[in-house]
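In what follows, a structure is listed as structure tokens, so that the remarks can point back to it.
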Amino acid sequence: MKPSGKSEQADDYNERGISYFNLKRYPDAIKEFTKAIKLIENEPDFYFNRGLAYYSMKMLDQAIKDYRKSIDLDPEHSDYYNAIGAAYEDAGQLDKALESFNKAISIEGDIPDYYYNRGNVYWKLKKPDEALNDFNKAVKLNTTDQIFIYRRHEVLLSMGRYKDAIADLDAAIKIVPDNYQYHLAKSEAYEKMGDFRSAMKCIEDAEKLLPDPSLLDERKKEISAKMN
């Protein structure tokens, strides 16, 4: 049993590290998490937190090493697998990323972010059906996150399911009505359908949300040429 004073001091370092992390002072956060680890070497959260700081600095090898240590200490914590999956994905190790997200989902199967993350890996692996299935699950679990919906629209668009893609963009716009990019994405979907008038209407909707509408002049010219 560890002395309470030592444990409390480690917790203090960890809390300080979290505070630095929230301020995006990642090197300082790493120093504090390292101090905590030196005092208590078998606390998985300390390694996980330091891994998050390394990951935020794009130091992927160090992040993966810390995530792996946290998993070794607590192999049934789904967040640890999700985090290491993200690091593997960014490092281009897609098979390991997929394996990690699979494990996270097997432990806790009702977290939308896990399906979203795995869907992104399937998309990179050129498996659109599997990606779409995961994005469907993410949206079903959280209907209020427009990022999940927007990502699904991209897969639908690639599959030629333009009406479904537009329906997703309408849902995203309903959640975040002032995002002009969603209107532009709708214009692209309509353009692919050959409905240039609807595409132009979407560009005009996007214009209303921009402080400088002239930024879309070239895009309007492209659609006007196709309309004519």
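The values are calculated or read from the model by the stated rules, or taken from the named source; none is laboratory data. None of the values given here were measured: they were computed from a predicted structure. Because the Cβ atoms are built from the backbone with ideal geometry, glycine has one as well, and the counts that use them run over all protein chains shown.
Could you tell me whether Asp170 is more than 18 Å from the chain's Cα centre (by Cα), in a helix (DSSP H, G or I) and more than 21 Å from Leu210 (Cβ to Cβ)? Spelling it out, it is not the case that Asp170 is more than 18 Å from the chain's Cα centre (by Cα), in a helix (DSSP H, G or I) and more than 21 Å from Leu210 (Cβ to Cβ). Is it true that some residue in the stretch 136-150 is of a type in the set (A, V, I, L, M), assigned by TED's automatic domain parsing to the domain that holds Leu98 and touching a Gly at 6+ places or on another chain (Cβ under 6 Å)? No, every residue in the stretch 136-150 fails to be of a type in the set (A, V, I, L, M), assigned by TED's automatic domain parsing to the domain that holds Leu98 and touching a Gly at 6+ places or on another chain (Cβ under 6 Å). Sort through Glu8, Glu43, Glu32 and tell me the only one that's among the acidic types (Asp, Glu) and loosely packed, with under 14 Cβ neighbours inside 10 Å. Only one candidate passes the filter, namely Glu8. Figure legend. Inter-residue proximity from the stretch 125-149: first residues of a type in the set (Phe, Trp, Tyr), second residues assigned to a loop (DSSP other than H, G, I, E, B), beta-carbon distance below 7 Å, spacing 6+ or different chains. Indicated pairs: Phe148/Asn142. Taking the criterion of being at pLDDT below 95 and touching a His at 6+ places or on another chain (Cβ under 7 Å), no residue of the stretch 191-228 qualifies. Restricting the search to helices (runs of 4 or more DSSP H) fully inside the stretch 8-104 and requiring at least 2 residues that are more than 21 Å from Gly119 (Cα to Cα) and under 21 Å from the mean Cα position of the chain (by Cα) gives 44-56, 60-73.
Which one of these is at pLDDT 95 or above and not assigned by TED's automatic domain parsing to the domain that holds Phe135: Ala36, Ala86, Ala91?
Ala36
Scanning the stretch 67-102 for residues that are farther than 18 Å from Leu52 by Cβ and of a type outside the set (Gly, Ala, Ser) returns Pro75, Glu76, Gln93, Leu94, Asp95, Lys96, Leu98, Glu99, Asn102. The set of residues in the stretch 189-204 that are without any contact (Cβ under 8 Å) to a residue 24 or more places away in the chain and within 28 Å of the chain's Cα centre (by Cα) comprises Cys202, Ile203.
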